[in-house]
1. Please indicate, with yes or no, whether at least one residue in segment B:275-297 is within 14 Å of chain A (Cβ to nearest Cβ) and out of contact with any strand residue (DSSP E or B) (no Cβ under 6 Å at 6 or more places or on another chain).
2. Can you list the strands (runs of 3 or more DSSP E) lying wholly within segment A:131-242 that have 2 or more residues being small (G, A, S)?
3. Give me the strands (runs of 3 or more DSSP E) completely within segment A:1-94, filtered to those with at least 1 residues that are within 28 Å of A:S144 (Cα to Cα), ordered by residue number.
4. Is there any pair with a first residue in segment B:191-209 that is under 20 Å from B:S295 (Cβ atoms) and a second that is surrounded by 13 or more Cβ atoms within 10 Å (Cβ to Cβ) and basic (K, R) whose Cβ atoms are under 6 Å apart and which are 6 or more apart or on different chains, and what are they?
5. Contact list please: Cβ distance under 8 Å, first residue in segment B:143-161 and assigned by TED's automatic domain parsing to the domain that holds B:V96, second residue among the charged types (D, E, K, R) and not in a loop (DSSP other than H, G, I, E, B), pairs at least six apart or on different chains.
6. A:I84 versus (1) within 25 Å of A:L173 (Cα to Cα); (2) surrounded by 21 or more Cβ atoms within 10 Å (Cβ to Cβ): which is the lone unmet condition?
7. Can you find, within segment A:180-214, the residue that is surrounded by the most Cβ atoms within 10 Å (Cβ to Cβ) among those that are more than 23 Å from B:A267 (Cβ to Cβ) and without any contact (Cβ under 8 Å) to a residue 40 or more places away in the chain?
Amino acid sequence: MSESTNGSSVLLRLEGVNTFYGQMHILQDTNLSVAEGELVCLLGGNASGKSTTLKTVLGIVRPRSGTVTFADEDITSRSTSYRIRKGMAIVPENRRLFGPMTVLENLQMGAYLHGGGEPEDYERVYSLFPLVYERRSQLAGTLSGGEQQMVAMGRALMARPKLMLMDEPSMGLAPILVERSFEIIQQVHQAGVAMLIVEQNANVSLSIADRGYVLSTGRIVLEGKAAELIQNEDLRKAYLGR
Amino acid sequence: MSDVPPAEPQPEPSGPQIGVDEWVARSAERAETHGGLVGRARGVYERVPKPAVFLFVVALAALIPVLASQSDNDIYFVRVGTVALVFALLALGLNVAVGFAGLLDLGYIAYYGVGAYGYAMLSSDKFGLHWQAWQSIVVVVVVSALLGFALALPSRRLVGDYLAIVTLFFGQIFYVIVTQGYRVSFLGLNKDLGFDRANWDLTGGPNGIANVDRFTAFGFTASSERAYFYVTLTAVVVVFAGLSLVNRSRTGRAWRALRDDHLAAQAMSVPINWLKLMAVGVGAAVAALAGTINSALLQGAFPDDYNTQVLIIIYAMVILGGAGSLVGAVVGAVVVEVLMLEGLRPQTPISDWTFNGRWVVYGGILLVLVVAIRPWRRLAAILGGVVAFGVVVHAIVAATTTKGTDGLLNTAPETFEEGGWLGWLIRHWLALPADTYAQGTKVPFNIALAGLIALVLCLTLLRGWKRDVLLVPTIWLAGFVWETRLVLEASGPTRLLLLGALLIVLMTARPQGLFGKPRVEIV
């Protein structure tokens with residue numbers, strides 16, 4: 001269930017979470033965990049509850065029952081900004097950079113909690129993404145999709161997260177850019193950040209993940225080590241089914 | 001990292017790669033560049049540090065009252081400058097909520113009014129309080145900022161249209177309170193509360209509060225037009241400098257992020273509700289400061305100076321200048337107040353500029369054409385067409401009628417002049433009949449006005465060369481209608497109509513405003 005794989009302690013844990021939009025029961029008794037430094041991917045087709053899971057983790061949507069635990073603290077009723085202060089950061093769907101602001105200002109916004117960021121924060125981002133450094137005075141809205149993806153990840157890293165949430169990082173990228181993009185995600189992960197990635201692209205995301213969950217109509221129908229999941233015959237059916 | 005490819009633009013990228021994006025890397029080269037004199041002037045300007053430019057402009061503005069004499073004309077001139085600066089202050093304040101934080105605050109005018117009425121109550125005969133200016137200004141500005149907080153608090157979760165409706169309601173409430181505030185009874189309990197009368201007069205109702213003190217501080221009294229010009233200029237400089245520092249700060253960035261994408265800003269843990277309250281509060285404080293100045297300048301506070309019409313004018317200034325730009329707010333205020341509100345008056349008593357309203361109209365049309373019509377050949381063709389069209393019409397009218405081209409320029413009620421060589425040009429471009437709208441039959445001129453409106457409507461339906469062709473008679477007819485009919489009406493509501501029309505055309509040509517940043521999205 002929510003045991004960690006490599007013995008390190010559990011960073012994020014969702015237990016028995018039920019989420020509703022009005023009358024609609026979205027997440028049904030969801031259990032999920034991410035250990036420190038682990039890369040977990042959450043797969044599923046359209047309307048399977050992937051984004052709702054992320055929103056529940058971030059506190060944008062509150063579960064009707066169940067608990068969300070982060071770094072040994074029950075944060076179920078805590079605000080989004082509290083969770084971010086505690087060490088979460090998100091790379092939103094479609095990246096959602098601040099288009100009329102420069103790349104540097106976007107990074108500064110990422111470090112809002114730290115008063116605009118220390119030099120070490122910028123060094124970390126610039127060494128991971130040399131291109132972000134070169135584009136730092138350019139308006140974020142003028143960048144191409146792949147570059148925006150890097151800025152969005154850099155912006156999230158500026159918050160010094162323990163856990164980085166990524167919502168559909170492959171969306172809107174050319175297939176060849178998707179692979180490059182996931183290599184970069186792997187680099188960030190290797191820098192010691194735990195990650196929860198929500199994706200439709202099962203092959204690419206499982207190839208870099210430690211573990212994976214498959215959601216279907218609000219229920220987790222499959223879970224396990226990424227290497228095992230990728231062999232699973234049911235996987236395709238499960239995550240393509242609605 | 002090592003496997004991120006270097007970002008140097010390569011001549012022939014072999015395939016799509018992250019990190020090598022020709023299009024973006026070379027965007028600076030592709031940006032529209034100006035050669036020759038304009039390009040060089042721009043290069044020189046960009047090397048000058050911005051604070052130096054700022055000081056230079058302030059110094060120039062500070063010279064205006066020095067150059068003005070004590071004649072009535074020049075005092076009027078200085079007064080227009082002061083009013084423009086008050087509007088600049090208002091536009092700067094509104095820019096915080098609208099431009100920085102993206103909140104459509106239609107209750108803004110109330111804070112301006114609170115400033116004016118607050119000062120009028122604390123420093124006048126009204127209640128016998130004659131506080132020093134610095135005392136009442138501090139109190140009024142703080143109260144107004146707190147009021148901004150209080151009003152923004154219940155509406156902090158509203159955005160866009162919903163916020164606009166709620167804040168518009170606040171703005172209207174202020175007007176109602178002020179016009180009805182001459183018979184206040186505290187729930188009918190006045191006598192029980194120990195007051196000596198049943199109804200209290202707090203605001204003077206429709207008559208407002210008169211005999212408001214001039215600014216007095218530490219034994220000095222600002223009484224001349226020059227003094228108010230400098231007081232207002234100082235306020236604008238301080239607020240401008242303060243806001244440009246705020247704009248560069250963490251808070252300013254957060255405001256802009258909030259305007260752009262409030263969900264993403266929230267995901268950065270930006271306290272969006274608190275920032276919204278702060279934006280409204282800061283704007284309210286600036287508006288109140290402008291209100292106190294206006295109150296002391298007019299030596300009174302009157303309800304109709306703080307109604308929705310004034311709000312719309314302030315919005316026009318911010319939008320024209322470009323929401324989010326401080327320079328734009330000031331320039332927008334000066335352009336609208338000096339050129340459009342004052343300049344469009346047919347006879348402003350500025351020395352010999354007796355028909356300056358005329359020049360604003362023709363200048364405005366020309367400016368819009370220059371801004372909106374891009375390849376200069378097309379512009380030249382249209383302008384040439386306009387001149388030729390006028391000459392041909394003039395020739396035809398002169399040949400077929402007896403007095404059809406004998407009209408003179410209307411420069412004041414019942415006053416007609418030849419108007420020098422520029423007047424000669426206008427009279428030979430437009431065929432002005434001897435009997436004008438004011439003198440003879442009104443029917444042909446009304447038909448001309450209706451025809452102008454019809455032509456403008458047709459313009460919006462056409463595209464390409466058809467539009468260019470139709471533009472020629474439209475501009476000519478606009479000149480004709482202006483000279484024969486509108487010039488005399490421009491002191492009333494027609495002036496606002498013209499202002500609106502100019503704004504619409506200018507905004508169509510440049511939607512981001514004069515100094516606003518255009519949105520660039522390549523996704």
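1. Scanning segment B:275-297 turns up at least one residue that is within 14 Å of chain A (Cβ to nearest Cβ) and out of contact with any strand residue (DSSP E or B) (no Cβ under 6 Å at 6 or more places or on another chain).
2. Of the strands (runs of 3 or more DSSP E) lying wholly inside segment A:131-242, those with at least 2 residues that are small (G, A, S) span A:211-216.
3. Qualifying strands (runs of 3 or more DSSP E): A:39-44, A:88-91.
4. That search, which allows pairs on different chains as well, returns B:I209/B:K126.
5. Sorted first by the residue in segment B:143-161, then by its partner, the pairs are B:A152/B:K276; B:R156/B:K276.
6. (1)
7. Going through the qualifying residues, I end up with A:R180.
Residue-by-condition table, conditions (1) at pLDDT 95 or above; (2) closer than 24 Å to A:A159 by Cβ:
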{"position": "B:A257", "(1), (2)": "no, yes"}
{"position": "B:H262", "(1), (2)": "no, yes"}
{"position": "B:L275", "(1), (2)": "no, yes"}
{"position": "B:A288", "(1), (2)": "yes, no"}
{"position": "B:I293", "(1), (2)": "yes, no"}
{"position": "B:V310", "(1), (2)": "no, no"}
{"position": "B:L320", "(1), (2)": "no, no"}
{"position": "B:A323", "(1), (2)": "no, no"}
{"position": "B:V327", "(1), (2)": "no, no"}
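The values are calculated or read from the model by the stated rules, or taken from the named source; none is laboratory data. Only a predicted model underlies this, so the values are computations on that prediction, with no experimental measurement involved. Heads up, the Cβs are rebuilt from the backbone with ideal geometry, glycines too, and the neighbour counts pull from every protein chain shown.
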